[in-house]
1. Just to be sure before I move on: is GLU203 free of Cβ contacts under 8 Å to residues at least 40 places away in the same chain and either part of a helix (DSSP H, G or I) or not β-branched (Val, Ile, Thr) (or both) in the structure I sent?
2. In the stretch 80-189, which helices (runs of 4 or more DSSP H) lie fully inside it and hold 3 or more residues that are modelled with pLDDT of 95 or more and under 26 Å from SER52 (Cβ atoms)?
3. Please verify whether ILE54 is under 18 Å from the mean Cα position of the chain (by Cα) and more than 14 Å from ligand 1 (Cβ to nearest atom), treating the condition exactly as stated.
4. In contact (Cβ under 8 Å) with a residue 60 or more places away in the chain, within 15 Å of ligand 2 (Cβ to nearest atom), buried (at least 22 other Cβ atoms within 10 Å of the Cβ) and outside the structural domain of GLY30 (by TED's automatic domain parsing): is that true of SER225 in this structure?
5. Looking for something outside the structural domain of ARG31 (by TED's automatic domain parsing), of a type outside the set (Lys, Arg) and at pLDDT below 95 - is there at least one such residue anywhere in the stretch 232-252?
6. Please count how many residues of the stretch 80-99 are of a type in the set (Lys, Arg) and surrounded by fewer than 20 Cβ atoms within 10 Å (Cβ to Cβ).
7. Only one residue in ASP273, ASP238 is buried (at least 18 other Cβ atoms within 10 Å of the Cβ), of a type in the set (Asp, Glu) and touching a residue at least 12 places away in the same chain (Cβ under 8 Å). Which one?
8. Which residues, counting only those in the stretch 100-135, are aliphatic (A, V, I, L, M), within 23 Å of the chain's Cα centre (by Cα) and crowded, with 17+ Cβ neighbours inside 10 Å?
Amino acid sequence: MVYDAFVLLSFGGPEKPDDVMPFLRNVVRGRGVPDERLAEVAEHYMHFGGVSPINQQCRDLLAAIDAEFAAHEVGLPTYWGNRNWHPMLADTLARMRDDGVEHALGFATSAYGGYSSCKQYWEDIAAARAHVGPRAPRIAKLRQFHDDPGFVGPHTEAVTTALAELDPARRATTRLVFTAHSIPVTMAETAGPTGGRYNAQLEETARLVHAAAAADLPYDLVWQSRSGPPQVPWLEPDINDHLEALAAKGVTDVVVSPIGFVSDHLEVIWDLDNEAKDTAERLGLGYARAVTPGVHPDFVSMIRRLVQERTGDRSRESLGTLPIWDVCPADCCPPPARRKAS
Ligand SMILES: CC1=C(CCC(=O)O)c2cc3nc(cc4[nH]c(cc5[nH]c(cc1n2)c(C)c5CCC(=O)O)c(CCC(=O)O)c4C)C(CCC(=O)O)=C3C
Ligand SMILES: [Fe+2]
């Protein structure tokens, strides 16, 4: 297969206060997220002047990818398109068509399987192609990378750094807490071809980072950033409840590592650096938050390696044991049932 471009696929985020509500409406399109929840989330964005850091993080990542491609003679022009905010993927795809692109490789900013993290990016590609119409470039999405050394390594380094911020005299009562975006339980059950893939991959990443960063400490995998109507079950426990439980059983310090994410976007800086940190302070827990890969050189070279893997120029690097594939089965990770907005 000959590929003629690279496109970064991401979530998108508002870049000014007036963007916030239209962005949020795009995110929840028909998914029954209550208005009160949207208003609450809008508040989180307003704490940062209505600007999510995620778009700038994508610009920085794309610049790093350009430099990496140039240094390794990967001769692909690069593009960037989002699911929920400008630059929207459909607009990017139209530009790619105008530039003569026919078949691009796409890298999505999520390491895991599941509807929101993987399948929805395939749907974004299909919708953008339908929008562009005849001569719309094709996009082959690059594989999930939860156990790649270019993802596990930067998370490991970050946990080590965060651990060094805590009091070594209390190491015996220190704990690692890995977090990822909560999703509806049904979505978790139907993730991947045989179900449970999102959780299984997160468990594997947590195990790998734990073993490499601090094998002597106990660790947990918990969830953050729940949304949706309260009567719909999502993955639990929430990190804040979990911190309460840890404090109650004598834990004195925590390192919180958001292995569910690739950059320190709003869900990380609000839900962890504000909410969870406040919870920890109230409980008297020492708290250190590990950073996400961002533009870590090993993460950037992983993206280049994924491209070279697809063009047959190198083989896969995997630290875990779960199966990894290039093309997802058509029927895996169904979208959640649509609910009327309440
Ligand atoms: C698995 C997963 C990831 C990780 C994989 C990936 O990265 O793709 C992720 C990432 C992100 N989620 C983000 C923001 C939001 N997610 C929401 C809502 C939801 N997320 C869900 C899941 C996930 N989300 C789900 C099942 C919903 C319910 C509604 C729906 O089914 O769509 C809402 C709606 C309001 C609310 O929170 O209730 C917002 C604003 C941002 C941007 C942050 C920024 O702006 O910096 C990022 C990177
Ligand atoms: Fe989300």
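1. Yes, satisfied.
2. Output list reads 89-98, 120-132, 149-163.
3. In short, no.
4. Answer is no for this residue.
5. Yes, the stretch 232-252 contains a residue that is outside the structural domain of ARG31 (by TED's automatic domain parsing), of a type outside the set (Lys, Arg) and at pLDDT below 95.
6. 2
7. ASP238 is the lone residue from the list that is buried (at least 18 other Cβ atoms within 10 Å of the Cβ), of a type in the set (Asp, Glu) and touching a residue at least 12 places away in the same chain (Cβ under 8 Å).
8. If the condition is that a residue be aliphatic (A, V, I, L, M), within 23 Å of the chain's Cα centre (by Cα) and crowded, with 17+ Cβ neighbours inside 10 Å, then ALA104, LEU105, ALA108, ALA111, ILE125, ALA128 are the ones that fit.
The values are calculated or read from the model by the stated rules, or taken from the named source; none is laboratory data. All of these numbers come straight from a predicted model, not from anything done at the bench. Backbone-built Cβ (ideal geometry, glycine too); neighbour counts: all protein chains shown.
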